[in-house]
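Written below as structure tokens is the structure these notes are about.
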Amino acid sequence: MRPVSIIPVSGMPEVRPGDDLVGLVLAALTRLGEALRDDDVLSVAQKVVSKAEGRLRRLDDVTPGPEALRMAGEAPEKDARVLQIVLDESSRVVRWEHGVLITETHHGFVCANAGVDRSNAGAADTVVLLPVDPDASAAALREALRARTGRTVGVVITDTFGRAWREGHVNVAIGIAGLPALERYLGQLDPQGYELRVTEMAIADEVAAASELVQRKLDRCPVAIVRGMEPGGRSEPATTYVRPPERDLFR
């Protein structure tokens with residue numbers, strides 16, 4: 001077993017649509033006297049990926065429809081324009097109660113407000129949306145990093161989700177490239193000879209959660225390097241985490 005370290009990549013500027021995100025990350029690493037190594041895993045906050053890709057909407061450009069207006073009438077603290085954007089980003093509403101809106105995104109993720117977020121948007125009256133295809137975004141970042149540095153790394157794009165049955169929020173992987181989503185122990189034996197039948201560890205989610213320890217929400221540090229975990233070369237998309245309806249007891 002090798003120790004795992006988490007290195008914050010601080011000092012990045014505000015990311016805007018069209019920015020060279022890889023260039024900004026590499027410039028920040030140079031200022032810190034750090035460099036990528038083979039088998040590093042780069043944890044990147046979804047918000048900077050979405051900003052670079054232009055996944056922003058101005059509230060002044062949104063006209064709420066009947067459903068958003070109805071919901072805003074039930075929860076006056078909610079902005080009908082934001083509710084409309086959430087509905088636009090959702091394939092279905094899972095739960096709407098007491099002003100809490102849980103939806104399934106077009107990616108298949110079940111989360112609050114379809115990942116639509118007003119915090120750290122970079123401009124007033126603006127919301128940030130999830131990337132259209134976070135796995136493709138992660139793959140593009142990985143390939144660009146390999147082209148510019150010669151290093152083979154993994155990339156995890158993260159977002160903060162709530163958790164069923166538990167209070168609090170935790171970073172999870174919504175885009176993956178260059179490492180598995182799951183480490184499967186099915187069929188292996190424990191020290192007493194018992195065969196494991198269901199154990200699958202969410203490796204990329206664990207990378208995402210660990211990176212939050214150094215990124216934090218208000219520290220303007222959207223990138224971290226997780227070093228020492230040896231991703232192993234196998235790659236799976238984050239959509240691997242979406243449980244099929246026939247196995248989801250809570251749909």
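The values are calculated or read from the model by the stated rules, or taken from the named source; none is laboratory data. All figures in this text were calculated on a predicted structure; none of them were measured in a lab. Because the Cβ atoms are built from the backbone with ideal geometry, glycine has one as well, and the counts that use them run over all protein chains shown. With ligands, DNA and RNA removed, areas are computed over all heavy atoms of the protein, side chains included. Shrake-Rupley method; radii C 1.70, N 1.55, O 1.52, S 1.80 Å.
The residue pairs whose first member lies in the stretch 95-115 and is open to solvent by 20 Å² or more (accessible area, probe 1.4 Å), whose second member is among the hydroxyl-bearing types (Ser, Thr, Tyr), and whose beta carbons are closer than 6 Å, counting only pairs six or more residues apart or on different chains, are 104/91; 106/91. Can you name every residue in the stretch 144-174 that is surrounded by fewer than 16 Cβ atoms within 10 Å (Cβ to Cβ) and of a type in the set (A, V, I, L, M)? Matches in the stretch 144-174: 147, 164, 170.
Taking strands (runs of 3 or more DSSP E) that fall entirely within the stretch 34-100, which contain at least 3 residues that are within 26 Å of the chain's Cα centre (by Cα) and modelled with pLDDT under 95? Quick ask: steps written out before the conclusion?
Numbers: elements: 41-45, 56-58, 90-97.
Here the list reads 90-97.
If the condition is being out of contact with any helix residue (DSSP H, G or I) (no Cβ under 8 Å at 6 or more places or on another chain) and closer than 30 Å to residue 232 by Cα, then the stretch 30-89 contributes 30, 31, 32, 33, 34, 37, 38, 39, 40, 47, 50.
What do you reckon, is residue 86 out of contact with any strand residue (DSSP E or B) (no Cβ under 9 Å at 6 or more places or on another chain), among the β-branched types (Val, Ile, Thr) and open to solvent by less than 40 Å² (accessible area, probe 1.4 Å)? It is false that residue 86 is out of contact with any strand residue (DSSP E or B) (no Cβ under 9 Å at 6 or more places or on another chain), among the β-branched types (Val, Ile, Thr) and open to solvent by less than 40 Å² (accessible area, probe 1.4 Å). Criterion applied to 81, 2 was being loosely packed, with under 15 Cβ neighbours inside 10 Å and basic (Lys, Arg), and the one residue passing it is 2.
Answer yes or no as to whether residue 8 is in contact with a Cys (Cβ under 8 Å, 6 or more places away or on another chain) and either part of a strand (DSSP E or B) or open to solvent by 70 Å² or more (accessible area, probe 1.4 Å) (or both). In short, yes. All conditions but one from (1) out of contact with any Cys (no Cβ under 9 Å at 6 or more places or on another chain); (2) under 25 Å from residue 20 (Cβ atoms); (3) at pLDDT 95 or above apply to residue 209; the one that does not is (2). For the stretch 118-139, the count of residues that are assigned to a helix (DSSP H, G or I), open to solvent by 50 Å² or more (accessible area, probe 1.4 Å), modelled with pLDDT of 95 or more and β-branched (Val, Ile, Thr) is zero.
Of all residues in the stretch 221-251, those being of a type in the set (D, E, K, R), loosely packed, with under 15 Cβ neighbours inside 10 Å and over 28 Å from residue 104 (Cα atoms) number 1.
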